Amino acid sequence: MRINTLTASTSLLGFIALAGGLTACQSNTLIPPPRMVVPALTSHAVPSLPVDVEHYAIDLLVDPVARAIDGTCKLRFSAGMGELNTVNLSLEGLRVHSVSDSAGRDLAFFQEAGTLSIVLSELVSRGDFEELTVAYGGVPKKGLWFVRERDGVPTQVFTQGECEDARWWFPCVDVPADRATSQVTVTMPTSWTSVAAGELVDRKEGTSTVTDTWFMSVPHPTYLTTLVAGEFTTVNDEWDGVPLSYLAAPEYSEYLEAGLSETPKVLGFMSDVTGLRYPYSKYSQACVDGFPFGGMENISATTMTSKTLRDHRGLLDGDSVGLIAHEAAHQWFGDLLTCNSWDHIWLNEGFATYMTLLYFESSRGNDEFRMRWYDTMVGYLRADVGKDRRPTVHNVYRDPIDLFFGGQTYGGGAVRLHYLRFILGDDAFYEGVRTYVAENQGRGVTTTDLQLAMEKASGQSLGTFFDQWLLAEGFPELSVSWSYDREAGMVNLSVEQRQDSRGGTPSVFRLPVDVELRGPKGSVTHRLEITQRKQTFQLASDELPTWLWFDEGGWMPAQIDRKKKVGEWLAIAASQDDPIARRIAVDVLGRQFGNNLSDQQENFIHAELVNRMRQDSSSWVRKEAATAIGRAGNAEGRLRLMTAATDDSSTHVREAAFGALATYGLNLKTSAFARAQYDAGYSWKTKAAAARLLAASDPKGIFQWLVRELYNADSPHDVLRANLLQLMATLDNSRVTSQLTQWATDTTAGPAARKAAVEGLAKVGQLDRDARGVLIDMLAVKDFRLRGAVVRGLTEFKDSASRNALQRFYSESVFPREKRAIEAAFGK
């Protein structure tokens, strides 16, 4: 079993001596597993704050060999609600050595169930301040992570506090509503560099260690307190007098500047759109290995996954701009204004997601913005269904991090803000954003604060909007059809709301919407408001419209079933100005092949799809057209797809063309084309797509080809090898399992490749006893993402040994995402 740090020696050597034995215990299926104690889904009230911390001063010695920390946390506090004779702080997994007050008196304390209780020597009254110094240490189980091993010794350390993981590396009041200034002092190996919130105010160099002190003068929640230290290369930059720094391991130094160079423009945009200049003294972005998320918006000091740094081939596949913008937006929405409690977390993440989209609108244009918004909306609609459906503002959870998964917090929040922008208009919406920031900076916020700001800016009552979109659950599901009455000169538009309201989704959403009528004489846009479950509108038109487009411009977060004939879809694909409409039309047309259409109709559809793939200004539409052409399966389409796969300016169009070519099946010319494009190596994703095409067009020798290529497939972050292993897992070959096992256990391979191998084993190795044993042993790996893949993989194995291993692991894991996966496998 894993170390219980509260019963270990208080010395660092004691923690080292107790390490080991995890794998053997987990693999021993003869020992009955502990009973799974699953926490109940609980409604969480806004926490009270009897202790109001004003300042934290954390002083740590970092021991990478032992993966341990030792140090002190001095906190200055006052009584938040009345007199205090006991202070309760959150602290998990670390042992306290001593506690003293400002007079130097040793205080009685005890630790139980993640709480450090300190008995004060004197009462502290409301408004009075006291200081406590807590000496503590141990091996953090989370909160502070040791990563990037060389010869078994970590070369980087980072903290990750959200949601309630700050308590795993220092004693604190670990709720978002409590804000304090912070100072972080770290003693580390001399070869290391550090970065933390605020400014570097002191640096002392010793013979074998160096000590940095960072001070953040802006009060902030504990989860935003941060430290990154290790062997880093630093690139310095500047925006409007604010110093910027970008950090990464020396291996990635050549990618730093190209990867993060748009940061100054992003900060300028966010300053403009919020009406408040970037509010901190510096901004850093540190790219670390083993980061469990894409990025984390620690105040003035974002931490990112090193996987965001790419070489020239990787940059063709995608850049870091979205991540840069998202975390930068959080410096306002999340750091300067923080959700007062976790049920309002969408105010952090929904705003950061939408501000990222707005940055793309400003820097890349309206078409790209619309496409990214549409992708965000579709992702949300697919996620907010079934047992995962819940309101956006939601206080029922096992752990607050659970609120981050399911679609509502990120994309769901963003598309609601976009719809609010439509309802209010740009002027009032942006004035509302600026009002919201100006009136709430430096404090915790709730959804009501946003509503009040938007009402103040617009002069409108927005109770209905906030009730149905943020306090209720779900989204509209609409069926839309129309007909033309030539005698009356009227278009009859029928709209029906079909969403199931039994679980709490509104039976009727109030829905303002724009509807475009386009005919030979031009177009007319009508602003309508849907207020009934079934509603018919009559729109004057002296000619038969070529098309009617419901939700012109793409604003409404709804699932819309548009009833149209092929001719109307063809006209929309060819001539609609809105790329969302063209993209939807192309997708619908591509699904018509094989639906008993005439040859002439199929020819018209194919010709228009080819036109879209070759000529459309939007790469998203071209990508959709490539996929659609693959459904037709004719010879001309194959030639057109080959051209797109080699010539299109967008990697995701090329990738889609390769995928469409794979639907043609066995073909020697296509396989030769695939080999040539794999060798040409335009980008890592297109190389992977070419490999998949080779498997589809010439499957006979693909296994041996993959075995050879896997040894030569080096790429940054092992992205190519990971893709090839994913392909390996799809092959019908008895030797696949042994290959996947080999790569899953190869500690010299990158985590992405090992993760892909593990995921493959979960698919093809369920009847293989050795594969099961490998996965059970790999429950002990340190890499979070790799271990998560192991956990999810074992949930696919239904044998008793796998289930027993998962039950044991469940009792030892401190990570909610791992626990939720196991609970789902056991039907909890």
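Annotations
- Think of each Lys and Arg Cβ as +1 and each Asp and Glu Cβ as -1; about the Cα centre, that makes the dipole of the chain roughly 2740 debye.
- Normalising the average separation of contacting C-alpha pairs (under 8 angstrom, six or more residues apart) by the number of residues puts the relative contact order of the chain at 8 percent.
- Taking amide H positions as modeled 1.01 Å from N, with prolines and chain starts lacking one, the residues under 5 Å from T115 and 5 or more places away or on another chain are L91.
- Distant-in-sequence amide contacts of L61, defined by a placed amide H-H separation under 5 Å and a gap of 5 or more residues or a different chain, comprise D70, G71, T187.
- Of the three principal axes defined by the Cα atoms of the range 341-486, the extents in descending order read 59, 38, 33 Å.
- Percent RCO, i.e. relative contact order, over the range 607-764, from Cα pairs under 8 Å lying at least 6 residues apart: 15 percent
- Spin-label zone in the range 207-224 - amide nitrogen under 19 Å from a point set 7 Å from the Cα of L107 along the C-beta vector: 222
- Pairs exceeding 28 Å between alpha-carbon atoms, taken from K623/K819; K282/K819; K387/K564; K204/K307; K763/K819: K623/K819; K282/K819; K387/K564; K204/K307.
- Scaling the Cα radius of gyration of the range 64-122 by the globular reference 2.2 N^0.38 Å produces a ratio of 1.26.
- Probe 1.4 Å, accessible area per residue of the range 577-716, Å²: 43 Å²
- Segment S98-E439, extension gain: residue separation times 0.36 nm, minus the distance between their alpha carbons: 118.6 nm
- Computed from backbone phi with θ = phi - 60° and the Karplus coefficients 6.51, -1.76 and 1.60, the 3J(HN,Hα) list for the range 333-350 is 8, x, 9, 6, 10, 10, 3, 5, 8, 5, 5, 9, 4, 4, 5, 6, 7, x Hz; x is used for glycine and proline.
- Taking the 1.4 Å solvent-accessible surface of the range 173-259 as the whole, the part contributed by carbon and sulfur is 46%.
- Over the C-alpha trace of the range 462-568, radius of gyration and Dmax come out as 14.9, 46 angstrom.
- ³J(HN,Hα) computed for each position of the range 369-375 - Karplus, 6.51 cos²θ - 1.76 cosθ + 1.60, integer Hz, glycine/proline x: 4, 5, 5, 5, 4, 4, 4
- Where labels lie 7 Å past Cα in the beta-carbon direction, separation of E238 and V119 in nm: 5.8 nm
- N88 versus L639: modelled label distance in nm, points set 7 Å from Cα along the beta carbon direction: 7.7 nm
- Label-to-label distance for E231 and S523 is 5.8 nm, based on points extended 7 Å past Cα in the beta-carbon direction.
- Accessible carbon and sulfur surface of the range 677-726 relative to its total accessible area, %, 1.4 Å: 48 percent
- Stretching the chain fully between T745 and S261 yields a gain of 170.6 nm (0.36 nm per residue, less the alpha carbon separation).
- Protein heavy-atom accessible surface, 1.4 Å probe, per residue over the range 105-187: 36 Å².
- Probe 1.4 Å, accessible area per residue of the range 362-501, Å²: 39 Å²
- Within the accessible area of the range 541-675 (1.4 Å probe), percent carbon and sulfur: 46 percent
- Computed over the range 208-287, relative contact order equals 29 percent, with contacts defined as Cα pairs under 8 Å that lie 6+ residues apart.
- Whole-percent P(r), the range 248-334, all Cα pairs, 10 Å bins from 0: 17, 51, 27, 5.
- Theoretical gain in end-to-end length, S738 to Q600 [0.36 nm per residue, Cα-Cα removed]: 44.6 nm
- With R₀ fixed at 30 Å, the C-beta to C-beta distance from S78 to V38 puts the FRET efficiency at about 0.20.
- Mean Cβ neighbour count within 10 Å, used as a protection proxy, ranking 654-662, 285-293 highest first: 654-662, 285-293
- Computed log₁₀ I(q)/I(0) - Debye formula, equal Cα scatterers, no solvent, the range 80-203, q 0.10, 0.11, 0.22 Å⁻¹: -0.39, -0.47, -1.44
- 3J(HN,Hα) along the range 468-485, derived from phi through the Karplus expression 6.51 cos²θ - 1.76 cosθ + 1.60 where θ = phi - 60°, amounts to 7, 9, 10, 9, 8, 9, x, 8, x, 10, 10, 10, 10, 9, 8, 9, 10, 9 Hz, with x in place of Gly and Pro.
- Folded to 0 to 90 degrees: helix 619-632 orientation relative to the chain principal axis, Cα: 60 degrees
The values are calculated or read from the model by the stated rules, or taken from the named source; none is laboratory data. As the structure is a prediction and not an experimental result, all values here were calculated from the model. Virtual Cβ from ideal backbone geometry, glycine too; neighbours counted across all protein chains shown. For accessibility, only protein heavy atoms count, side chains too; no ligands or nucleic acids. Shrake-Rupley method; radii C 1.70, N 1.55, O 1.52, S 1.80 Å.
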